[in-house]
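Peer 1: If you scroll down you'll find the structure; I have some questions about it.
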Amino acid sequence: MIRSMEDLIKEAKECRLNIEGFKTKEEVINALAKHYAKANRPGKTLLQIHPMLGRDILDLSKEEQDKILKDDNDWIAEKKLDGIRAIMHIGSRGNRFTTRERSVKNYFFREITDNLPHLKDYPLGKWDGTILDGEAVLEKQIVDTGSTKAYGTLSATAAICNASPEKAKEIQERAGWINYHAFDIIKYKGVPLLNRPFGERRKFLEEMFDEIRKESSDLANLILVAQIAKNKRRYYNEIINAGGEGIMLKNLNGLYQTKGRSKAMYKMKKHLTVDGWISGYTEGRRGFEGLIGSLLISVRDEEGIVREIAGVSPNAEGLEPGEVLELRKSMTEVVSGKPTLKKDYYGRVVEVLAYDWSKSLRLSHARILRWRPDKTQDECIVDLSQVKRRFGISRCICGKPFRNFTWFENGLCPECFIKEEKKEEILREHLQGDI
């Protein structure tokens, strides 16, 4: 976990860095990363690049959305991939890969090269000094790592990238190898392309892949992401109907932006909405100290169990950033020196917009769409039975959820079976030490 701003400033001062005027953690982190890179062996540290980030198309008005989605303009669409964002550094002695995550030791972007041995050794020395931007994806919906099961391509890919290199190789030998989907290029044979329009960068990328195809017939795990310029809305619907996540919309005139979120790239994802009530809060941090942080949202499931399903930032439809801050202040009441949520906000119903359910039965990428004064807590009921089946989740009589046990009997988790049936020996025989 990246340290607090206070700790980062202290570390920077210990390193005798001049950070006067720095206002964000990212600025201090970048300064520390550069400092530690100088102390590293020459050639060992990769060029530290933060991948370009997009915005959500829902942040735009309907008129602005329609303008981007129409045909014959400067916007193209690509399939949105659900894996691990990775920068591919091509070298004469092999290829290396970094993610968006930072090391807590030197603040370099985390390297996952040894977990991708098939891509590491791909013969691309002719393009030494080229840097690609793309997504590492294991095209599997369920992967057994040996100790647990990962559901969805993102979780499956993350399980491999976070494992030891030996374990990552063993899993891929069973489940298939991770593909690298390239969709942008940052350098071409050492020449920076950051300040070139995306349309020009794409031509470099296409020409490179054309050359690779001529020299090698084996491109199974190195893929150039396809683009379309017409019928973007229909393309989105086709991807969603096929079970995909959505599309990325990119402006051909956009430059590669390594700070903040670009207005030349928007994500258009499938979404679901859920009505839930405010059941709690967290204390603010990262600039919101002394105020409430997230609002905790709960619902009642099909079994009548109250579940906390999300933590969301206080917001309301149509508010500007400054107005959101005022809303947060208006919801905060300081009690005994600590920020608390005002009592009259408890139980209020909000409509939450999210991408999907996770296997922990929580909403991912959730945010408040609007407040629902016309609804009550009694109406906030969500049938999670299909979600539970999707992730293989069952429930014991003790109320504890369990998933994917090698064995259970009479609807009991192993712990309850031991307590109620006193059959420890049978349990050990069946589970063979799984618990």
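Peer 1: Looking at L46, L58, L53, which one is in contact (Cβ under 8 Å) with a residue 40 or more places away in the chain and either open to solvent by 60 Å² or more (accessible area, probe 1.4 Å) or farther than 27 Å from I185 by Cβ (or both)?
Peer 2: Only one candidate passes the filter, namely L58.
Peer 1: Could you list, in sequence order, all residues of segment 89-133 that are open to solvent by 30 Å² or more (accessible area, probe 1.4 Å), free of Cβ contacts under 8 Å to residues at least 60 places away in the same chain and in a strand (DSSP E or B)?
Peer 2: The answer is R96, R100, E101, R110.
Peer 1: Go through R85, R55, R93 for me and flag whichever is basic (K, R) and touching a helix residue (DSSP H, G or I) at 6+ places or on another chain (Cβ under 8 Å).
Peer 2: R93
Peer 1: While we're looking at this one, here's another question. Could you pull out every one of the strands (runs of 3 or more DSSP E) wholly within segment 158-266 that has 1 or more residues that are buried (at least 17 other Cβ atoms within 10 Å of the Cβ), out of contact with any helix residue (DSSP H, G or I) (no Cβ under 9 Å at 6 or more places or on another chain) and among the charged types (D, E, K, R)?
Peer 2: 179-188
Peer 1: Tell me whether segment 417-424 contains one or more residues that are surrounded by fewer than 16 Cβ atoms within 10 Å (Cβ to Cβ) and either under 25 Å from the mean Cα position of the chain (by Cα) or modelled with pLDDT of 85 or more (or both).
Peer 2: No, because not a single residue in segment 417-424 is surrounded by fewer than 16 Cβ atoms within 10 Å (Cβ to Cβ) and either under 25 Å from the mean Cα position of the chain (by Cα) or modelled with pLDDT of 85 or more (or both).
Peer 1: If only one of I49, I87, I68, I76 is among the β-branched types (V, I, T) and within 24 Å of T153 (Cα to Cα), which one is it?
Peer 2: I87 is the lone residue from the list that is among the β-branched types (V, I, T) and within 24 Å of T153 (Cα to Cα).
Peer 1: Now for a different question. Across segment 71-88, what is the number of residues that are touching a residue at least 12 places away in the same chain (Cβ under 8 Å) and more than 30 Å from Q141 (Cβ to Cβ)?
Peer 2: Residues flagged as touching a residue at least 12 places away in the same chain (Cβ under 8 Å) and more than 30 Å from Q141 (Cβ to Cβ) within segment 71-88 amount to 4.
Peer 1: Further question on the same structure: Yes or no: segment 336-353 includes at least one residue that is at pLDDT 65 or above, in contact with a His (Cβ under 8 Å, 6 or more places away or on another chain) and farther than 30 Å from D144 by Cα.
Peer 2: Yes, some residue in segment 336-353 is at pLDDT 65 or above, in contact with a His (Cβ under 8 Å, 6 or more places away or on another chain) and farther than 30 Å from D144 by Cα.
Peer 1: Pull out all pairs, ordered by first then second residue, where Cβ-Cβ is under 6 Å, the residues are six or more apart or on different chains, the first lies in segment 296-322 and is at pLDDT 85 or above, and the second is open to solvent by 50 Å² or more (accessible area, probe 1.4 Å) and of a type in the set (A, V, I, L, M).
Peer 2: Within 6 Å, the pairs are S298/V306; R300/V306; R300/I381.
Peer 1: Moving on to the next point. Among (1) surrounded by 18 or more Cβ atoms within 10 Å (Cβ to Cβ); (2) among the small types (G, A, S); (3) more than 19 Å from Y180 (Cα to Cα), which single condition is G83 missing?
Peer 2: (3)
Peer 1: Which numbered condition trips up T258, out of (1) within 28 Å of T376 (Cβ to Cβ); (2) within 18 Å of the chain's Cα centre (by Cα); (3) not aliphatic (A, V, I, L, M)?
Peer 2: (1)
Peer 1: Looking at (1) surrounded by fewer than 19 Cβ atoms within 10 Å (Cβ to Cβ); (2) over 23 Å from T24 (Cβ atoms); (3) in contact with a Phe, Trp or Tyr (Cβ under 7 Å, 6 or more places away or on another chain), find the lone condition where D356 falls short.
Peer 2: (3)
Peer 1: Still on this structure, please answer the following. If you go through segment 361-386, how many residues are open to solvent by less than 90 Å² (accessible area, probe 1.4 Å) and farther than 16 Å from E302 by Cα?
Peer 2: Residues in segment 361-386 being open to solvent by less than 90 Å² (accessible area, probe 1.4 Å) and farther than 16 Å from E302 by Cα: 10 in total.
Peer 1: Sort through R389, R428, R328 and tell me the only one that's among the basic types (K, R), open to solvent by less than 20 Å² (accessible area, probe 1.4 Å), modelled with pLDDT under 90 and not in a strand (DSSP E or B).
Peer 2: Matching residue, one of R389, R428, R328: R328.
Peer 1: Also, I was wondering about something else. What's the number of the only condition in (1) open to solvent by less than 60 Å² (accessible area, probe 1.4 Å); (2) under 30 Å from I247 (Cβ atoms); (3) more than 23 Å from the chain's Cα centre (by Cα) that E64 fails to meet?
Peer 2: With (1) open to solvent by less than 60 Å² (accessible area, probe 1.4 Å); (2) under 30 Å from I247 (Cβ atoms); (3) more than 23 Å from the chain's Cα centre (by Cα) applied to E64, the lone miss is (1).
The values are calculated or read from the model by the stated rules, or taken from the named source; none is laboratory data. It should be emphasised that the depicted structure is a prediction, and the values quoted were computed from it without experimental measurement. So basically every Cβ, Gly included, is an ideal-geometry build from the backbone, and we count neighbours across all protein chains shown. Ligands, DNA and RNA are stripped out before the accessible areas are found, and what is left, the full protein with its side chains, is counted by its heavy atoms. Shrake-Rupley method; radii C 1.70, N 1.55, O 1.52, S 1.80 Å.
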